[in-house]
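Report on one structure; see the data block that follows.
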Amino acid sequence: MEKLKEIVRGCQKNNRQKQAELYQMFASKMFGLCLRYAGNQFDAQDLMQEGFVKVFEHIRKYKWKGSLEGWMKRIFINLALDKYRSRINHLSVEEIQENNDLENREASALDNISEREILELIKQLPDQYRLVFNLYVIEGHSHQEIGKILNIGESTSRSNLARAKLLLKEKLIFNATWVEKAI
């Protein structure tokens, strides 16, 4: 804890070495967060760079209330939301085809999938679905909170989450079927 305070104090004084230490300490966690919100690795890297710039610009405001990691996560999430907010209003809703035998193959689809593969499938979701999914499932926000954050209705948030889950389910089943055929 004392080492972290020393690093933060150095960052508050614009010490490049301490900034590098803070970056090394949190880069992998923040990159994972960026990957969840970005559509691809390039956008995630861009978001991570912008996020750390913003952290270093605002670290003087950090008052040791709550964890530093939580404070940084809020900066990164808000940056991701700001970056994609304008895109959200222009998204077209995809037509989702119902698959009659989804439930029969659902269990086998989840048996052989890794966390990394699930994150890859989440990244493939349309922007608004991905944002709502991340905010609800991973960050734990309510639909009311998501509505305020994204400037959408609560029912739109619920609908986007349902569609995101359905798309993920279809992708999981498709991947499981493809793997079974390949074996």
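Points worth noting:
- Residue 21, sole failed condition from (1) of a type outside the set (Ser, Thr, Tyr); (2) under 27 Å from the mean Cα position of the chain (by Cα); (3) exposed (fewer than 11 other Cβ atoms within 10 Å of the Cβ): (3)
- In summary, helices (runs of 4 or more DSSP H) completely within the stretch 1-85 and bearing 3 or more residues that are at pLDDT 90 or above and under 20 Å from residue 120 (Cβ atoms) occur at 16-37, 41-58.
For (1) within 23 Å of residue 118 (Cα to Cα); (2) over 27 Å from the mean Cα position of the chain (by Cα), each residue gets a yes or a no:
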{"site": "11", "(1), (2)": "no, no"}
{"site": "14", "(1), (2)": "no, yes"}
{"site": "48", "(1), (2)": "yes, no"}
{"site": "53", "(1), (2)": "no, no"}
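- Taken together, 171, 181 contain a single residue that is at pLDDT below 90, buried (at least 17 other Cβ atoms within 10 Å of the Cβ) and out of contact with any strand residue (DSSP E or B) (no Cβ under 8 Å at 6 or more places or on another chain), which is 171.
- Residue that is farthest from residue 56 (Cα to Cα) [pool: residues in the stretch 24-41 that are free of Cβ contacts under 8 Å to residues at least 12 places away in the same chain and exposed (fewer than 12 other Cβ atoms within 10 Å of the Cβ)]: 28
The values are calculated or read from the model by the stated rules, or taken from the named source; none is laboratory data. Bear in mind that the values here come from a model prediction, so they are computed numbers and not experimental data. All Cβ positions, even for glycine, are placed from backbone atoms using ideal geometry, and neighbour counts span all protein chains on display.
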